[in-house]
């Protein structure tokens, strides 16, 4: 078993990992920037190390400070959470070189899957369906435009190393292609240090469905069903649920089988999510692999009655898949809503400030994952996620009613603070969403 884990992250995921470590009897090392000195994970940790100023590049992204913090506190493992360095193969490699267990896939596997073109080629070879497009980075705008003309518009231009909804542009008019291509090259270089791009067909009226997979180092691998993530703003998720409403079960089952097959072909171990798009005709297509725990992992945990972070830690210690995980079967319906500190009336612009009131909802089968509390200052330097409200019910109708009730109960107030709660309630009450007829364009239409 691991003895002490350094959590290379902040916010609610840092708290979530700390609690899983506590239940396994594993020591906890928190790291914090100056802005997070009084954060909840610092209170929960055995050791807490200041790693730099608020800008992430000087703290949560500064690898030497993180490695030194692990060395000073005697940590033998690092959990990266999600975001920040969680999908950075260089960080995984540095951890391994310093004798630290990285709670994620091997660096080489992560590098292959992090390159979206390499991942597309690998999954195509494993028999997963792809949208028409390039299987390798494009040599220049002329080659890219010729491919787009051949595929047919609309197309989407994507950064090869992109992620988190960034580094992509949808092109509906051929006259806009060159500008969109050059902008994506520039954003890929700026955001990810890599200007390579690829082009694929843009699927309109699509549903975004992902499959949770878990694999160990002993050849065991299981999928734990699907999560519908179609409610998005700027390609970033707001509402997630399982089962995916309106998606035929045979399609979901094929996605699960393909997700396991693809990750086995990649030599993957530990938690991962394989993302698909489904079209109005029922066809589905591989999109990408997320080589980490997802923000929305509680959806699967609530449906299957498993602790995915606990399983990550056990797998990192060399344990095979637990009997509970291998035998887990879903029950009921689960909906997760992300409560972000942002203003939907201003294009979801961040709305940081000091929380004067923060009273999460309660009641049966309501889970709230959060790091926030009254009196806390929401830093402007980081992601705007305040809390995740996750509800379970025997069926989707009851889950929708419970989610609405929970969001109506949530009390958040403070100078300058706005949240997405009013908009989330609009989504949950929307006739198309309630009927399972929604797609990735729902937020824009609302």
Item to complete: Take the alpha-carbon centre of the stretch 21-48, take the same for the stretch 125-182, and report the distance between them in whole Å.
Response: 42
Practice prompt. Starting from the Cα gyration tensor of the chain, take the square roots of the eigenvalues, sort them a ≥ b ≥ c, and report rounded, prolate or oblate (rounded when a/c is under 1.5, otherwise prolate if a/b is larger than b/c, else oblate).
Written response: rounded
Worksheet item: What list do you get for 222, 389 if you sort them by fewest beta carbons within 10 Å?
Response: 222, 389
Worksheet item: Based on DSSP, what percent of beta bridges with both residues in the chain are antiparallel, to the nearest 5?
Response: 80
Item to complete: List the equivalent ellipsoid semi-axes of the stretch 4-103 in whole Å, largest first, each obtained as the square root of 5λ for an eigenvalue λ of the Cα gyration tensor.
Response: 17, 16, 12
Response to the item:
With Rg from the Cα atoms and Rh as the Kirkwood inverse mean 1/r over Cα pairs, the stretch 132-201 has an Rg/Rh of 0.92
Fill in: Sorted by Cβ neighbour density within 10 Å, fewest at the top, the residues 300, 178, 278, 117
178, 117, 278, 300
Practice prompt. Whole Å is fine, so just give me how far the alpha carbon centre of the stretch 202-265 lies from that of the stretch 300-360.
Written response: 15
Worksheet item: In whole percent, what relative contact order does the stretch 25-165 give with Cα contacts below 8 Å and a gap of six or more residues?
Response: 14
Item to complete: Rounded, prolate or oblate: pick one for the stretch 207-445, where a ≥ b ≥ c are the square roots of the eigenvalues of its C-alpha gyration tensor, a/c under 1.5 means rounded, and failing that, prolate if a/b is larger than b/c, else oblate.
Response: prolate
Item to complete: Could you line up 7, 67 from fewest to most neighbouring Cβ atoms inside 10 Å?
Response: 67, 7
Worksheet, complete the sentence: Once normalised by the length of the stretch 4-103, the mean sequence separation of its alpha carbon contacts under 8 Å that are 6 or more apart gives a contact order in percent of 29
Worksheet item: Mean separation of Cα pairs under 8 Å and 6+ residues apart, divided by the residue count of the chain: what relative contact order is that in percent?
Response: 14
Item to complete: Would you calculate, for the chain, the mean residue ellipticity at 222 nm contributed by helices, counting each DSSP H stretch of 4 or more residues as -39,500 (n - 2.57) and dividing by all residues, to the nearest 500?
Response: -10000 deg cm²/dmol
Discussion item. Rounded to whole Å, give me the distance from the Cα center of the stretch 390-446 to that of the stretch 267-291.
Written reply: 25
Practice prompt. If a/c stays under 1.5 just call it rounded; otherwise compare a/b with b/c (prolate if a/b is bigger, oblate if not). Do that for the stretch 168-230, with a ≥ b ≥ c from the square roots of the Cα gyration tensor eigenvalues.
Written response: oblate
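Every number in this text was worked out from the coordinates using simple rules, so none of it is lab data. Worth saying up front: this structure is predicted, and the values here are computed from it rather than measured. All Cβ positions, even for glycine, are placed from backbone atoms using ideal geometry, and neighbour counts span all protein chains on display.
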